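Here's the structure we're looking at; comments come further down.
The values are calculated or read from the model by the stated rules, or taken from the named source; none is laboratory data. Keep in mind the model is a prediction, meaning the values are calculated, not measured. Counting neighbours? That spans all protein chains shown, and the Cβs are built from the backbone with ideal geometry, glycine included.
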């Protein structure tokens, strides 16, 4: 596999064979990962070809999980940590390969191509160009009508009873909660699937930090598959 990867093992505590997969932006806002490392979890990252959750990257993550299982004894299932565009990867990976995911931790996740403001026309142009290159779209209209985005894959998550720990800022001006996080939350509630939500009042897209790390960790330990 011709990709860069990072594997971080816990120090000073016994490795419990459980692990987290940071799906994008490794090293950004690592408070939860650092706390989980102290609990015996490992942390891994595999570099993506792009940040838009294409199948090529999800297949690579599956193969990476198999490698970690065979070489280091990692459990087959992982906790996917998806922040912002990392949510695109996390949900796509879980919906493509649900047997490899024990829980989703999503923080201000982007789940739709059009569910973001871009914080200005310059960013919008860049993001749309990336999306077109990643998926082979010829026009921006194809982006808007594409019906295999993470928001279209939620049924697979609930059918497989994959738990979700969901964090969002209710003042997010970059990734709309109403078009992303809250769509997932409402769908999970309707399907009576395992989810807990943490609302950060007055918080914009950044910082990606859990309201209460200890509470999030307790939910993970109690619900992970």
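Does residue 15 satisfy being closer than 17 Å to residue 220 by Cβ, crowded, with 20+ Cβ neighbours inside 10 Å, more than 18 Å from the chain's Cα centre (by Cα) and modelled with pLDDT of 95 or more? In short, no. Just to be sure, is residue 59 at pLDDT 95 or above and surrounded by fewer than 16 Cβ atoms within 10 Å (Cβ to Cβ)? Considered against the rule, which asks whether it is at pLDDT 95 or above and surrounded by fewer than 16 Cβ atoms within 10 Å (Cβ to Cβ), residue 59 comes out as yes. When you check residue 175 against the structure, is it buried (at least 22 other Cβ atoms within 10 Å of the Cβ), in contact (Cβ under 8 Å) with a residue 40 or more places away in the chain, closer than 30 Å to residue 70 by Cα and in contact with a helix residue (DSSP H, G or I) (Cβ under 9 Å, 6 or more places away or on another chain), yes or no? No: the conditions fail for residue 175. When we screen 71, 133 for residues that are farther than 18 Å from residue 48 by Cα, in a helix (DSSP H, G or I) and at pLDDT 95 or above, the only hit is 71. Just one residue in the set 90, 44 is closer than 19 Å to residue 134 by Cβ, at pLDDT 95 or above and in contact with a helix residue (DSSP H, G or I) (Cβ under 9 Å, 6 or more places away or on another chain); that residue is 90.
Among the residues of segment 178-216, the ones that are over 18 Å from residue 116 (Cα atoms), in contact with a strand residue (DSSP E or B) (Cβ under 9 Å, 6 or more places away or on another chain) and touching a residue at least 60 places away in the same chain (Cβ under 8 Å) come to 3 in all. If I ask for residues that are outside any loop (DSSP other than H, G, I, E, B) and under 13 Å from the mean Cα position of the chain (by Cα), which ones from segment 155-165 would you list? Within segment 155-165, 157, 164, 165 qualify.
Comparison of 173, 156 shows that the only residue that is at pLDDT below 95 and out of contact with any strand residue (DSSP E or B) (no Cβ under 7 Å at 6 or more places or on another chain) is 173. Answer yes or no: is there a residue in segment 20-32 that is assigned to a loop (DSSP other than H, G, I, E, B), touching a strand residue (DSSP E or B) at 6+ places or on another chain (Cβ under 9 Å) and surrounded by 20 or more Cβ atoms within 10 Å (Cβ to Cβ). Yes, because at least one residue in segment 20-32 is assigned to a loop (DSSP other than H, G, I, E, B), touching a strand residue (DSSP E or B) at 6+ places or on another chain (Cβ under 9 Å) and surrounded by 20 or more Cβ atoms within 10 Å (Cβ to Cβ). Residue 138 falls short on exactly one of the conditions (1) closer than 25 Å to residue 158 by Cα; (2) out of contact with any helix residue (DSSP H, G or I) (no Cβ under 6 Å at 6 or more places or on another chain), and that condition is (1). Quickly run through segment 53-74 and pick out the residues that are in contact (Cβ under 8 Å) with a residue 60 or more places away in the chain and under 16 Å from residue 24 (Cα atoms). Within segment 53-74, 53, 54, 64 meet the criteria.
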